[in-house]
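The values are calculated or read from the model by the stated rules, or taken from the named source; none is laboratory data. Fair warning: this is a prediction, and the values are worked out from it, not measured in the lab. Cβ sites come from the backbone with ideal geometry, for glycine too, and all protein chains shown count toward neighbours.
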Amino acid sequence: MLTEAALLRGRQDAATVSAARAVALAPTNPVALVLRAKCLFIAGETRQACAATEVAAQHLGEAPDALDAVGAMFGLLGLQQRAIELFRRAMLGRPDVPQYLFNLAAAERMIGALGDAEAHCDAAIACDRHYGLAHYLRSDLRIQSPDRNHIDEMEALIGEGGLSASSEIMLRFALGKECEDIELWGRAFDHVEAGCNLQSRSLPRDPAAEIGEIDAIIEAHTRRWIQAAPRGCVDAAPVFVTGLPRTGTTLVERIIGSHSAMHSVGETGAFAAEMRRAMAERAGGRDPEGIGRRYLDSAAALRVPVDARFIDKTLENYLYCGLIHVALPAAKIILVQRHPIDSCWAIYKAHFRGKFSFSYRQTELADYYLAYRRLSQHWRTVLPPDVLMEINYEDIVRDQAAASRDIIRFLGLPWEDGVMRFHESPAPSATASAVQVRRPVYASSVGKWRHHADRLGPLRERLAREIPEAELA
């Protein structure tokens, strides 16, 4: 409990100490072992986290809480089939616990078993009508229709009262999604706005600090600094796909990952962890080779095939493009862009469970988007064109074949027709777009903000301060 409380407060150091003490007191307790594994994973020690999780698995019995905890850790490590096996055992042991059913459904969603996931969400809700996580996940599993949706059910729950704030937030975002699916535009926006207002009141927010971080990165990572920095690890060529959330990064990752020479490790967070470590040791610019090698070691722990290049789709890597190039000079970086208002609307209506605190107020979201835009322009200026590629989501939708060929050519790979059938890939996807990438490219998300143009005034006005009118049309 102390370890989990420290992690929730962001006290990684205290969590690590607490987990170590728990393991010392109970060296074969799988829950203690998996908490230690989680601390290692958050710290970027992926190889050690994998090893610790395997040790925890060796000491498993049939206690549902332990099965669930170790399953969740396997899920974090991208081993979804092993996670599903343990979640299923936990659920069979205690079919009345909604958390076990929900975790099983979430893992099934990642491997594309969407029907099974919906059935387990239904079962979780049958156990606890107020279990917001299951409502939110269930709404995302398919496009809702006028004759098959959960809108009345969820609106009735909210009307009854008695929901926790966190559950109401989940239901509001789920309702926003379902109402938009069936083109109830006004109701969709009402629910999204209510969810954002509730979420913003419960999150610590410091918009000025987040934008200040971007401005500091721009100031520090000049072309001169990048050219003068010692070169890092030159014997690997990973591919980083990055950008703001909900802009098409998962689509690009799946296109690349459908090539036989590529393997995706998903959203590892490993480079960000290395940067936090380097900054704590005041070594960010002094040991790029060490940063690169530790990062590659973390990726190798995620079972990258020996003969494959790998793709890292961690979103916040857009902050580290300059350092990625210095630490891994052979790496390729693909920055995915999208129409500014479409991008912001897609972020605003999504629930990130505590991440991206800038996303719940229109003006703060616009300010962050503008800072991100300045950062993108900076990377375009200071990084070589054979290192950084920008691609627009709309270009992929407009001409998938041409955009895919551009991407594959940029990576120096031979063309394979299989990249056009990315939606047939059985590979797991642990991102917010795990359902959408099981479908061929579709155009229905382009221009969706226009249905809410009159409600997005604060966002649009703030964006117009720095973005030409033609780009916002």
In the stretch 337-368, residue nearest to H191 (Cα to Cα) [restricted to those that are more than 16 Å from the chain's Cα centre (by Cα) and of a type in the set (S, T, Y)]: Y360
Unmet requirement for T250, which otherwise passes all of (1) of a type outside the set (G, A, S); (2) free of Cβ contacts under 8 Å to residues at least 24 places away in the same chain; (3) assigned by TED's automatic domain parsing to the domain that holds Q362: (2)
Lone unmet requirement of (1) touching a residue at least 12 places away in the same chain (Cβ under 8 Å); (2) assigned to a helix (DSSP H, G or I) for L413: (2)
Hits in the stretch 59-80 - residues which are touching a residue at least 40 places away in the same chain (Cβ under 8 Å) and either in a helix (DSSP H, G or I) or among the acidic types (D, E) (or both): V70, G75, Q80
W345 at pLDDT 95 or above, more than 28 Å from H263 (Cβ to Cβ) and buried (at least 20 other Cβ atoms within 10 Å of the Cβ): yes
Per-region count, the stretch 122-155, residues more than 24 Å from V97 (Cβ to Cβ) and not β-branched (V, I, T): 9
Meets criteria (closer than 14 Å to G112 by Cβ, hydrophobic (A, V, I, L, M, F, W, C) and either surrounded by 12 or more Cβ atoms within 10 Å (Cβ to Cβ) or in the same structural domain as L114 (by TED's automatic domain parsing) (or both)) for A427: yes
Any hit, the stretch 193-216, residues being hydroxyl-bearing (S, T, Y), more than 20 Å from I291 (Cα to Cα) and in the same structural domain as V326 (by TED's automatic domain parsing): no
Any hit, the stretch 365-382, residues being crowded, with 20+ Cβ neighbours inside 10 Å and in contact with a His (Cβ under 6 Å, 6 or more places away or on another chain): no
Test for A106: is it of a type in the set (G, A, S), assigned to a helix (DSSP H, G or I) and surrounded by fewer than 24 Cβ atoms within 10 Å (Cβ to Cβ): yes
Matching residues in the stretch 133-176 - criterion: being of a type outside the set (A, V, I, L, M, F, W, C) and touching a Phe, Trp or Tyr at 6+ places or on another chain (Cβ under 9 Å): Y136, S139, S167, G176
Tally, over the stretch 174-222, of residues that are basic (K, R), at pLDDT 95 or above and farther than 25 Å from I143 by Cα: 0
Qualifying residue in the stretch 170-191 (condition: exposed (fewer than 14 other Cβ atoms within 10 Å of the Cβ) and of a type in the set (A, V, I, L, M)): no
Single unsatisfied condition, A156 versus (1) within 24 Å of D454 (Cβ to Cβ); (2) not assigned by TED's automatic domain parsing to the domain that holds V265: (1)
